[in-house]
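I have placed the structure first, in the form of structure tokens, so that the comments after it can refer back to it.
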Amino acid sequence: MRGEPFAHAKISLYMKSEIIHPVKSLSGPLEVPGDKSISHRYAMLAALADGTSELHNFAAARDCHSTLACMKALGADVKVDGAAVKITGCGLRGLKSSWRALDAENSGTTIRLLSGILSGQEFTTKISGDASLQKRPMKRVVTPLRQMGADIRAKDDNFPPLEIRGGKLRAIHYEMPMASAQVKSAVLLAGLYADGITQITEPARTRDHTELALEEFGAHVEKRGRTIAIHDLAGKNGGAALRPCSLDVPGDLSSAVFFIAAASLLPESNLFLANVGLNPTRSAILDFFQQMGAALQVQNLQSKQGELIGDLSVKGAALKGGLISGGLVPLLIDELPMLAALGPYTEQGFEIRDAQELRVKESDRIAALAENLKRMGAKVEERPDGLRVEGRSAGKLHGAEIDPRGDHRIAMAFAVVALGAAGETKILDSGCAGVSYPAFFAELKRLAVE
Ligand code: S3P
């Protein structure tokens, strides 16, 4: 395959490690990079719009740059200048077939959301990703997209590479069997190309960035309870267009959470995080921290392009711990690794239930958490749908060698845990943090007070 010569370079890029020592506190101001979920959506919709969109504070995340590369391969003109990204779209019907397979690398959002768009194209596209992505289930998007009329082949009918033969799509009403924003988004994006009004009902609330972004770019979206409807623009209503936009991406709350956790854990901390995305379908984590006793304040709330934004201040505080289950799981899905890993520093520890989804993320996060927490001396019970991590009374953690299994959120969660442990912790393969937050370790060192 033509992509192969780069595979080695990518592997060696990931392989560096970081040594973390305990610190006294974290202090200072911080701006986390642009939100990963929102950046993906803006990049895809800008590539489908008629004209040039300007995206500010675009995510530094490697995942979002995978999306940009895919949109470029499909014919969009993409210019990147740091966090400023200009995309000249091809129009809804203007994407071109790519001469090589698209590479979503480590990004589940890229492959799943793009599958929806590719289902509406009059050509065939092959899309795959790295070894981790090739193990992640795609049946969840393949099933509804096939119902809409796309012809999709997948390895073992579930895994990448996907071969998507798009074409005329029909509108469906899909009852989503799981709470997944990626599945919802794939169906809504395909809905732009379907004949009529596509509807999707979710079993529990998930992040709504796709709905908000579609509205910004001029699509017609309606929400009724847990059902979302999208009117087609390139099916029956062929000829209608998405408009180009100038948009600011808010800071990524899921990246901020590592610093919120670190500052809470270290008593003398005083951290200020500016311009963080606080969309209510993402911000359950802040309520959760506050209920646990965190000294966390939200200021300067404002709404921009449908997205809520604000500043956060965090000081050290004793955390209670608690139980996470049911409808709270999809609302905290990306924050669960950090919460679980904080367990040994809390009064009651953490119990996570109904979160079998964590087993099919960038790694098996339940297994990765249990194994690495045990290496640091924590008391953990691993269960099929979650884990129970004992609190402070089970003893103090010690430094260890951490294997994040190539998973950015596991690497960052354990770097935070290491700040309060006795002795030195080595985070292997720490470069994987770049999947969402390339400057994470540099920022942690900048803010650390020894
Ligand atoms: C995402 C949705 C979530 C989340 C992922 C990003 C998105 O995945 O875990 O990191 O941008 O839509 P699921 O839809 O699989 O829950």
Point to revise | Length added when fully stretched, residue 360-residue 151, from 0.36 nm per residue minus Cα-Cα | key: 72.8 nm
Study note, to complete from the structure: Ordering 112-122, 59-69 by per-residue average of other C-beta atoms within 10 angstrom, highest first, gives 112-122, 59-69
Practice item. Provide the gained length on full extension for the span residue 270 to residue 243, in nm with one decimal, where the gain is 0.36 nm per separating residue minus the Cα-Cα distance. Key: 5.5 nm
Exercise for review: Subtracting the Cα-Cα distance from 0.36 nm times the residue separation, let me have the gained length for residue 93 to residue 424 in nm, one decimal.
Suggested key: 113.7 nm
Check your understanding: For the stretch 182-326, rounded, prolate or oblate, judged on the Cα gyration tensor with a ≥ b ≥ c (square roots of eigenvalues), a/c < 1.5 rounded, else prolate if a/b > b/c?
Key -> prolate
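Give me the Å³ per residue figure for the convex hull around the C-alpha atoms of the stretch 171-238.
Details: hull volume 4.4 nm³, N = 68.
Convex hull volume per residue, Cα atoms: 65 Å³.
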Exercise for review: Return the distance in nm (one decimal) between the two label points of a simple spin-label model at residue 374 and residue 56, each offset 7 Å from Cα along Cα→Cβ.
Suggested key: 5.0 nm
Revision key, fill the gap. Distance in nm between residue 303 and residue 15 label points, each 7 Å along Cα→Cβ, equals 5.1 nm
Practice item. Please label the shape of the stretch 365-450 as rounded, prolate or oblate, based on the square roots a ≥ b ≥ c of the eigenvalues of the alpha-carbon gyration tensor (a/c under 1.5 means rounded; beyond that, a/b larger than b/c means prolate, else oblate). Key: oblate
Check your understanding: Percent antiparallel among DSSP beta bridges with both residues in the chain, to the nearest 5?
Key -> 70 percent
Review point. If you build a Gaussian network model of the chain, linking Cα atoms that sit under 10 Å apart, which residue out of 15, 376, 44 swings the most?
Key: 15
Check your understanding: How are the Cα pair distances of the chain distributed, in percent, across 20 Å bins from 0?
Key -> 27, 57, 16, 0
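Suppose R0 equals 35 Å; then what is the FRET efficiency for residue 385 and residue 84 from their Cβ-Cβ distance, rounded to the nearest 0.05?
The computed FRET efficiency comes out at 0.25.
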Review point. With point charges of +1 on the Cβ of Lys and Arg and -1 on the Cβ of Asp and Glu, referenced to the Cα centre of the stretch 339-440, which listed residue (393, 418, 435) lies farthest in the positive direction of the dipole?
Key: 393
Exercise for review: For the stretch 289-433, just say rounded, prolate or oblate: build the C-alpha gyration tensor, square-root its eigenvalues into a ≥ b ≥ c, call rounded for a/c under 1.5, and beyond that prolate if a/b exceeds b/c, oblate if not.
Suggested key: rounded
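As a test of the formula, what do you get for the chain when each DSSP H run with n ≥ 4 contributes -39,500 (n - 2.57) and the sum is divided by the residue count, at 222 nm and rounded to the nearest 500 deg cm²/dmol? Provide the component values of the computation, followed by the final result.
Numbers: 14 runs with 138 residues, N = 450.
Estimated from H runs of four or more residues: -9000 deg cm²/dmol.
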Review point. What is the calculated FRET efficiency for residue 69 to residue 323, with r their C-beta to C-beta distance and R₀ = 45 Å, to the nearest 0.05?
Key: 0.65
Check your understanding: According to a simple spin-label model (label point 7 Å from Cα along Cα-to-Cβ), what is the distance in nm between residue 77 and residue 173?
Key -> 4.4 nm
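Since every read-out is calculated from the coordinates, none of them should be taken as a lab result. The shown structure was predicted, so the numbers you read here are calculated from the model rather than taken from an experiment. Cβ coordinates were reconstructed from backbone atoms using ideal geometry, including for glycine residues, and neighbour counts include every protein chain displayed.
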